[in-house]
Amino acid sequence: MMNIDILTLFPNMFDGFLNESIIKRAIDKKAVTINVVNFRKYSKLNNSQVDDTPYGGGSGMVLMCEPIVDAIEDLKDDDTTVILLTPQGLPYKQKIAHELKTKKHLILVCGHYEGFDERIRSFVDMEISIGDYVLTGGEIPAMAVCDSVIRLLDGVIKEDSYLEDSFTENLLDYPTYTKPYDFRGMKVPDVLISGNHQKIDEYRKEESLKRTQERRPDLLK
Ligand code: ADE
């Protein structure tokens, strides 16, 4: 079973995420345990302070080292991967999700506000960005990483559902259809109702390639 600790100042943001659909089912089935920890409780300062103004001046508040590092050290064992969510991190890809699914214990550290003390970086194994845009905190990125990893864990969804995912072979998914056969004059491609599975496989492979060439030629390089 995988074990994930999420360090955040806003644990309630995870309520919906943990209590619906496939993630909830994965938790119920004991494929994963997720422990959301408010690292404010590790503060030793008055009013549980966790941030302060930046040295050198500038706007906003900066998360301090001590509460986050104390939380990491409290939760860590000798088989833990500590991940910091930051726009400056490694661009997140499906390949990384497949690597992370082999880990036993993840600690995800969510920053908030203007940033965190640079020295926190010495206490993490990996930094991840979910894209070139700036969110108000690392919580949504942490959910994105958890979601993409948990769906790959054994028994969470059928394996064929993810072997054919977009990006699995650096290709986008092929188009899919369901009933009705004719929707406002738009018909399902004949090959899909032909019953010829070899033809269907070929068609899907071709469409995947065509779609990737058109939309994401960068993936084919
Ligand atoms: N924190 C704020 N924006 C982020 C992003 N794009 N990826 C990861 N962490 C973030």
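The values are calculated or read from the model by the stated rules, or taken from the named source; none is laboratory data. Keep in mind that what you see is a predicted model, and the values were worked out from it rather than measured. Note: ideal-geometry Cβ built from the backbone for every residue, glycine included; neighbour counts use all protein chains shown. These area figures cover heavy atoms from the full protein model, side chains too; ligands, DNA and RNA do not enter into them. Shrake-Rupley method; radii C 1.70, N 1.55, O 1.52, S 1.80 Å.
Quick one: helix 139-150 against the long Cα principal axis of the chain, what's the angle to the nearest 10°, folded into 0 to 90? So the helix axis and the longest Cα principal axis differ by about 50 degrees. If you sort VAL134, VAL124 by accessible surface, 1.4 Å probe, largest first, the order is VAL134, VAL124. Accessible area of ILE193 (1.4 Å probe, protein heavy atoms only, ligands and nucleic acids ignored): about 110 Å². Measuring with a 1.4 Å probe in the full set of protein chains, what accessible area per residue, in whole Å², belongs to the chain? Roughly 61 Å² per residue, with all protein chains present. Per-residue accessible area (protein heavy atoms, 1.4 Å probe) orders HIS98, HIS197, HIS112 as HIS197, HIS98, HIS112, starting from the largest. Considering the zone a paramagnetic label at LYS44 would reach in this model (a point 7 Å from Cα along the Cα-to-Cβ line), which residues of region 65-83 have amide N under 20 Å from it? Residues 65-76 qualify, since their backbone N sits under 20 Å from the label point. For the set LYS101/LYS199; LYS158/LYS210; LYS24/LYS187; LYS30/LYS205; LYS104/LYS221, the pairs lying more than 28 angstrom apart at their alpha carbons are LYS101/LYS199; LYS24/LYS187; LYS30/LYS205; LYS104/LYS221. Comparing ASP51, ASP154, ASP190 in a Gaussian network model of the chain where C-alpha atoms under 10 Å apart are linked, the largest mean-square fluctuation is found at ASP190.
Springs join every pair of Cα atoms under 10 Å in this Gaussian network model of the chain, and among ASP70, ASP78, ASP52 the largest mean-square fluctuation is at ASP78. Dividing the Cα radius of gyration of region 1-92 by its Kirkwood radius returns 1.02 for Rg/Rh.
The alpha carbon gyration tensor of the chain gives principal lengths a ≥ b ≥ c with a/c of 1.5 or higher and a/b greater than b/c, which makes the shape prolate. As a fraction of the 1.4 Å probe accessible area of the chain, surface on carbon and sulfur atoms comes out at 50 percent.
Over all pairs of different C-alpha atoms in region 164-220, the reciprocal of the mean inverse distance, the Kirkwood hydrodynamic radius, equals 12.4 Å.
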